Amino acid sequence: MSGRVIRIFLSSTFRDFGEERDLLVRKVFPTLRAKLQSRFVDLVDVDLRWGITEEEAERGEVLPICLSEIDRARPYFIGFLGERYGWVPPPNAYPSNVLESQPWLEEHRGGKSVTELEILHGVLNNPYMEGRALFYFRSFEYSSSKGGDYISSSPTDEVSQSVLKETIRQSGFPVYEDYKSPEHLAELLEKDLWEILDREFPASETPDAFVRENLQHEAYELPRQRLYIGGDKYLTALDTALSQGKQWILVDGPSGGGKSALLANWLQSVRDNNKNIEAIGHGSMLEMSPEDAIKIAKDKEPITKQNYDAFDPQGLKPGMRVTVSPDVDGGEQPVEGDVVATSANTITLLRKNTDIGNIGVHFPREGYRVDILK
């Protein structure tokens, strides 16, 4: 979960839950979003059954996406079960990279449905999902009245579905048994999910203006991150540019070509792989006087560690006295201080101030001149 954006993963079999999913998308989730709007919370329902064909599933393209989306949606997971067990991927439908990253799948190859694998990965293998995972079992009478894809396709599947339901019951996670119709489910889920969200995001904890600005950025990114496939080479190119310390990256392309989606998904991957970035720009604003701010600064010391570039063309090293000034003279006074750290892209000086003590000042190398003082 990122900030006040929550993703809720919906898990069920493919053919027999279209009515329920349609009600959730058209009625339940819009109602919940309206309630959450004043609390600056954005809700995203992750429903991979829309837009993914069974042919794609049979090519092994669904499972990696499902497992990844479950992880992104943690800790929210909702499972719906009827009488149908669902498609069981054959042993050769498991991509090697998925087996490497999820070794627990090996024992289930060719024997578990995609839906059961989702439930195992999303909930049953993870006790920390307690309190935010919900299960709903549809009544046998409703499924029987619909017939066709709503009932079990074989005695073997019937046994597998019965075992799965009993495993869920024994897990201790909340289960509502025998809901009567899709409308009944919608009513139940709206009530149950609101109890969870109201507890997680109480009205008394509305974020301040600073946090709300960050939430606006997240809200813009969110719809562009829902499902992003086919841009791996561009994501890799951006990662490479970042690792090389590039200060400017131009992303060019025709209008509607996916530039915003690319950047939104890349930024999310950067956050996922660099958890310390999540702390930047988040927190609560604290009112204080200028005098208090100066006192706090004076009581602190810079934390930049000494470091230098062995191939620095000027031979700059920690402790050297230097001045830093812009390449283009705009009337600015050179900044004087002792070198603390240098790299190909930045330089940090230590300066002493009578009001606040030691401070670290950071400059980019590009566009600035460093002069060594004798």
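Would you mind stating whether ILE70 is crowded, with 21+ Cβ neighbours inside 10 Å, hydrophobic (A, V, I, L, M, F, W, C) and touching a Gly at 6+ places or on another chain (Cβ under 7 Å)? For ILE70, the condition - crowded, with 21+ Cβ neighbours inside 10 Å, hydrophobic (A, V, I, L, M, F, W, C) and touching a Gly at 6+ places or on another chain (Cβ under 7 Å) - is met.
As a summary of the residue check, ARG33 satisfies the conditions (1) modelled with pLDDT of 90 or more; (2) surrounded by 18 or more Cβ atoms within 10 Å (Cβ to Cβ) except for the one numbered (2).
Pairs linking a residue in the range 12-38 that is free of Cβ contacts under 8 Å to residues at least 60 places away in the same chain to a residue that is surrounded by 14 or more Cβ atoms within 10 Å (Cβ to Cβ) and of a type outside the set (D, E, K, R), with Cβ atoms under 7 Å and 6 or more positions apart or on different chains, are ARG21/LEU10; PHE29/LEU43; ARG33/LEU43. So, LEU43, is that one at pLDDT 85 or above, of a type in the set (A, V, I, L, M) and in a helix (DSSP H, G or I) or not? No; evaluated as a whole, the condition is false for this residue.
Of the residues making up the range 165-194, not one is surrounded by 17 or more Cβ atoms within 10 Å (Cβ to Cβ), over 28 Å from the mean Cα position of the chain (by Cα) and among the β-branched types (Val, Ile, Thr). Within the range 116-139, is there a residue that is farther than 27 Å from PHE29 by Cα, modelled with pLDDT under 95 and not in a loop (DSSP other than H, G, I, E, B)? For the range 116-139, residues farther than 27 Å from PHE29 by Cα, modelled with pLDDT under 95 and not in a loop (DSSP other than H, G, I, E, B): absent. Can you tell me which residue in the range 152-164 is nearest to ARG15 (Cα to Cα), limited to those that are surrounded by fewer than 17 Cβ atoms within 10 Å (Cβ to Cβ) and either aromatic (Phe, Trp, Tyr) or in contact (Cβ under 8 Å) with a residue 24 or more places away in the chain (or both)? Only one residue fits best here, namely SER153.
Taking the stated definitions as given, is GLU69 in a helix (DSSP H, G or I) and acidic (Asp, Glu)?
Working: in a helix (DSSP H, G or I): yes; acidic (Asp, Glu): yes.
Criteria met by GLU69.
When restricted to residues that are in contact with a Lys or Arg (Cβ under 9 Å, 6 or more places away or on another chain), part of a loop (DSSP other than H, G, I, E, B) and modelled with pLDDT of 80 or more, the range 218-252 contains 2.
The residues in the range 254-279 that are surrounded by 10 or more Cβ atoms within 10 Å (Cβ to Cβ), at pLDDT below 80 and over 14 Å from the mean Cα position of the chain (by Cα) can be counted, and the count is 1. Screening the range 125-141 for residues that are farther than 24 Å from LEU197 by Cβ and in contact (Cβ under 8 Å) with a residue 40 or more places away in the chain and picking the one that is surrounded by the most Cβ atoms within 10 Å (Cβ to Cβ) gives SER139.
The values are calculated or read from the model by the stated rules, or taken from the named source; none is laboratory data. Being a predicted model, the structure only gives us computed values, none of them experimental. FYI the Cβ positions are ideal-geometry reconstructions off the backbone, even for glycines, and counts take in every protein chain you see.
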